[in-house]
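First the structure, in the form of structure tokens, and then the observations on it.
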């Protein structure tokens, strides 16, 4: 399965627009973006290493597609790569799945590295 296309379809223009608006509100400072409350009880962000490493996560699986459980997690990872690549087109973005609800963790956590 092509998880990137699935992810781009899933987050679409609405989510990308929302992320762009939040980034603009933080004066394009990703450390601020990952430090301020998201306004969504299911979504969290935090700075691990300023300017370089961040984490984001969900308190529950948010995928609406009926497919295998590991696909949800890879689709989310690809969605984050897409979103942050759009916000930071001059940077290399990598995303690692740290833990997921489908693996038995209390939440889904993804580590974003900006180079």
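Quick check, is residue 89 part of a loop (DSSP other than H, G, I, E, B), over 16 Å from residue 54 (Cα atoms) and at pLDDT below 95?
Answer is no for this residue.
Restricting to the range 104-115, name every residue that is loosely packed, with under 15 Cβ neighbours inside 10 Å and in contact with a strand residue (DSSP E or B) (Cβ under 9 Å, 6 or more places away or on another chain).
Within the range 104-115, 105, 106, 115 qualify.
Looking only at the range 18-45, count every residue that is farther than 16 Å from residue 91 by Cα, modelled with pLDDT of 90 or more and in a loop (DSSP other than H, G, I, E, B) and tell me the total.
Matching residues across the range 18-45 total 5.
The values are calculated or read from the model by the stated rules, or taken from the named source; none is laboratory data. Just so we're clear, the structure is a prediction, and the values are computed from it rather than from any experiment. When we count neighbours, we look across all protein chains shown, and the Cβ atoms used for this are built from the backbone with ideal geometry, even at glycine.
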